[in-house]
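Asker: Right, I'll just put the structure down here and ask away after.
The values are calculated or read from the model by the stated rules, or taken from the named source; none is laboratory data. None of these values were measured; they are calculated from a predicted model. Here the Cβ positions follow ideal geometry from the backbone for every residue, glycine too, while neighbour counts run over all protein chains shown.
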Amino acid sequence: MSLLTVEALDARHGLLQAVRGISFTVTAGETVALVGANGAGKTTLLRAIAGAHPLSGGRVTLDGADLAGVPAHRRAALGLALVPEGRRLFAQLTVEENLLLARAAGRRGPWTLETVLGAFPMLQPRRHARAGTLSGGEQQAAAIGRALMTNPRVLLLDEVSLGLAPLAVARVYASLATLIAAGTTIVLVEQDLTRTLATADRILCVLEGQILAEGPAADMTRERITAAYFGLHRDAAGQGGAA
Amino acid sequence: MILLNQLIQGVLLGGYYALIACGLAFMFSVMRIINLAHGSLAVLAAFALWVLADRYDIPPFLGLLIVVPGMAALGWPLQRFVLQRSARGGMLIPILATFGLAVVIDNALFEAFGADTRSLAPYIDTLAYDSWSITDDITIGRLAALTFAVAVIELGGLQLFLARTPLGRAIRATAEDPDTVGLVGVNARAVNAAATAIAMATLAIAGAFLGMRATFDPYAGAQQLVFAFEATVIGGAGSLWGTLAGGVVIGVAQTLGAQISPQGFLLAGHIVFLLVLFARVSGFAAALRARVR
């Protein structure tokens, strides 16, 4: 039973068509990863799903409800939460204020200020610090925590390891593993292939705004992903995806 | 002693300037919009209070119970149809749009009320001229003291509201990154509408004190805008306590300037404003140079 459905989604940046007719579904409890080079359209795709970027075609449905014309803040209230690329914390607000802000989505559930701080213990001592003063890893944890505070049904994660020290990446992924074990539905954009293969149930390879290959993480080899990543043997990769 | 008296009067006068600057500073810090209709809207509020007092015998302080929500309600269409639409066109368009709005308000008031100068002072009994004599040289006007007290309460209250309440938090977050607040469920448009309503409510209070302490006519808005603007800039845009300090600096400069020469009153305020502005700009340039090196 699919929770999130994306059908023939098109999105543009002016004349540039960043996403070209992408379709996929995500079932409840699944972790889906989008893999692709910079500029492949992954970030635009996630932003379009979250309502932060306009669609120029296609549709997004959450649990059967069409999200056309639903603004981002209403989507958050319906249970879609995006952890944006670059984290986008409110630097002048404290960590606690950043987290509490997400109560505006009006969704109650297991994630409260206390449980989020429990899941990201490194935030506990920094809760009254301005978010702008946090380290990269702490900021990423705060950004994920802020998204969790909306008690989302689907968590969209954009480049959570970008710009982080390896140790911080390991910590963020350790936290993600807990979320996944708890049955959170996740759509993940990640550059780090090893992390992706270890974390995701299913992998979609995106190139130039289209899905080139798709399959369970267990069946995807590094070679197949790399081929799709660079657009090499486009046909081979495409057929592999269909098989 | 005369100097001390001037200082005290200047500080109290600064309270009025802070009151009138409060809404301007608030809107600028929250929405990055410079509202050039600010002074005219304060005069509009003053006229509304005057109509209530003159035609319906409702004294100004009671009239505020009607005019504060009225102005706040006016904030919604102002935000929705003027500010929000013009802000899409960049930083300059809201300035032009609100300038146009100021012209419209001024001339509409002129159409409705003519060129006569009005005041709310006749409707507040002896408050207009009552005072406490502290020493032979120092007397403190009750209205001036009340103005200052209201300024401190209003600015302090707003500061607390921004720091402690969920809406205040949402307003600060929206000011910082209006594109991202939506992702955590905050409706940025509603937040901006609320912020505009708050700014308009402060304008109703400013209009009341404008009318009680002095006179006003349909074209009085521009002068009030200048005071508000100067207090905001001196105080450093973005901090409400800074706005109070900015108002006090102008008030003190004006009363001390008046001591030197009758023309010195307005002149001294403007000169201090320009000096602060130059210091800011050259300080900024120095910081920039230091950074380049």
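Asker: State yes or no: is B:M200 out of contact with any Gly (no Cβ under 6 Å at 6 or more places or on another chain) and either part of a helix (DSSP H, G or I) or farther than 30 Å from A:L80 by Cβ (or both)?
Answerer: For B:M200, the condition - out of contact with any Gly (no Cβ under 6 Å at 6 or more places or on another chain) and either part of a helix (DSSP H, G or I) or farther than 30 Å from A:L80 by Cβ (or both) - is not met.
Quick grid of which residues meet (1) touching a residue at least 12 places away in the same chain (Cβ under 8 Å); (2) within 22 Å of B:E154 (Cβ to Cβ):
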{"site": "B:L12", "(1), (2)": "yes, yes"}
{"site": "B:F26", "(1), (2)": "yes, yes"}
{"site": "B:A42", "(1), (2)": "yes, yes"}
{"site": "B:Y56", "(1), (2)": "no, no"}
{"site": "B:A72", "(1), (2)": "yes, yes"}
{"site": "B:F81", "(1), (2)": "no, no"}
{"site": "B:Q84", "(1), (2)": "yes, no"}
{"site": "B:P94", "(1), (2)": "yes, no"}
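Asker: Out of (1) in contact with a helix residue (DSSP H, G or I) (Cβ under 9 Å, 6 or more places away or on another chain); (2) among the small types (G, A, S); (3) under 20 Å from B:Y219 (Cβ atoms), what's the single condition that is false for B:A128?
Answerer: The number of the failed condition is (3).
Results for (1) surrounded by 21 or more Cβ atoms within 10 Å (Cβ to Cβ); (2) modelled with pLDDT under 90, shown as yes or no for each residue.
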| position | (1), (2) |
| --- | --- |
| B:H38 | yes, no |
| B:Y56 | no, no |
| B:V67 | yes, no |
| B:R80 | no, yes |
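Asker: Might you check whether a residue that is within 14 Å of chain A (Cβ to nearest Cβ), touching a helix residue (DSSP H, G or I) at 6+ places or on another chain (Cβ under 8 Å) and not charged (D, E, K, R) occurs anywhere in region B:193-205?
Answerer: Scanning region B:193-205 turns up at least one residue that is within 14 Å of chain A (Cβ to nearest Cβ), touching a helix residue (DSSP H, G or I) at 6+ places or on another chain (Cβ under 8 Å) and not charged (D, E, K, R).
Asker: Next question. Any chance region B:170-187 includes a residue that's away from every other protein chain (no Cβ under 14 Å), in contact with a strand residue (DSSP E or B) (Cβ under 9 Å, 6 or more places away or on another chain) and at pLDDT 90 or above? Show your work before the answer.
Answerer: Within region B:170-187, the first condition is being away from every other protein chain (no Cβ under 14 Å), and the residues that meet it are none.
There is no residue in region B:170-187 that is away from every other protein chain (no Cβ under 14 Å), in contact with a strand residue (DSSP E or B) (Cβ under 9 Å, 6 or more places away or on another chain) and at pLDDT 90 or above.
Asker: Test each condition in (1) surrounded by 15 or more Cβ atoms within 10 Å (Cβ to Cβ); (2) small (G, A, S); (3) farther than 17 Å from B:G15 by Cβ for B:A206 and report the one that comes out false.
Answerer: The one condition B:A206 does not meet is (3).
Asker: Now for a separate question. Filter region B:82-131 for residues that are crowded, with 19+ Cβ neighbours inside 10 Å and in a loop (DSSP other than H, G, I, E, B); which is modelled with the highest pLDDT?
Answerer: Among residues in region B:82-131 that are crowded, with 19+ Cβ neighbours inside 10 Å and in a loop (DSSP other than H, G, I, E, B), the one modelled with the highest pLDDT is B:L120.
Asker: Looking at this structure, is A:Q191 part of a loop (DSSP other than H, G, I, E, B) and not acidic (D, E)?
Answerer: Yes: the conditions hold for A:Q191.
Asker: Taking the condition more than 14 Å from every other protein chain (Cβ to nearest Cβ) and among the aliphatic types (A, V, I, L, M), does A:A68 pass?
Answerer: Spelling it out, A:A68 is indeed more than 14 Å from every other protein chain (Cβ to nearest Cβ) and among the aliphatic types (A, V, I, L, M).
Asker: While we're looking at this one, here's another question. For residues that are within 28 Å of A:V6 (Cβ to Cβ), more than 8 Å from chain B (Cβ to nearest Cβ) and modelled with pLDDT of 90 or more, scanning just region A:80-104, find the one that is surrounded by the fewest Cβ atoms within 10 Å (Cβ to Cβ).
Answerer: The qualifying residue surrounded by the fewest Cβ atoms within 10 Å (Cβ to Cβ) is A:L89.
Asker: Scan region A:192-207 for residues that are in contact with a strand residue (DSSP E or B) (Cβ under 9 Å, 6 or more places away or on another chain) and surrounded by fewer than 16 Cβ atoms within 10 Å (Cβ to Cβ) and report the count.
Answerer: Qualifying residue count for the region: 0.
Asker: Is it fair to say A:R107 is at the interface with chain B (Cβ under 9 Å from one of its Cβ atoms), crowded, with 16+ Cβ neighbours inside 10 Å, touching a residue at least 12 places away in the same chain (Cβ under 8 Å) and of a type in the set (K, R)?
Answerer: So A:R107 fits the description; yes.
Asker: Looking at region A:147-157, can you tell me whether even one residue there is at the interface with chain B (Cβ under 8 Å from one of its Cβ atoms) and of a type in the set (S, T, N, Q)? Walk me through it before giving the result.
Answerer: In the first step, residues of region A:147-157 are kept if they are at the interface with chain B (Cβ under 8 Å from one of its Cβ atoms); the result is A:147, A:149-150.
With of a type in the set (S, T, N, Q) added as a condition, the list becomes A:150.
Yes: region A:147-157 contains one or more residues that are at the interface with chain B (Cβ under 8 Å from one of its Cβ atoms) and of a type in the set (S, T, N, Q).
Asker: Would you be able to tell me the number of residues in region B:155-179 that are of a type in the set (S, T, N, Q) and surrounded by fewer than 24 Cβ atoms within 10 Å (Cβ to Cβ)?
Answerer: 2
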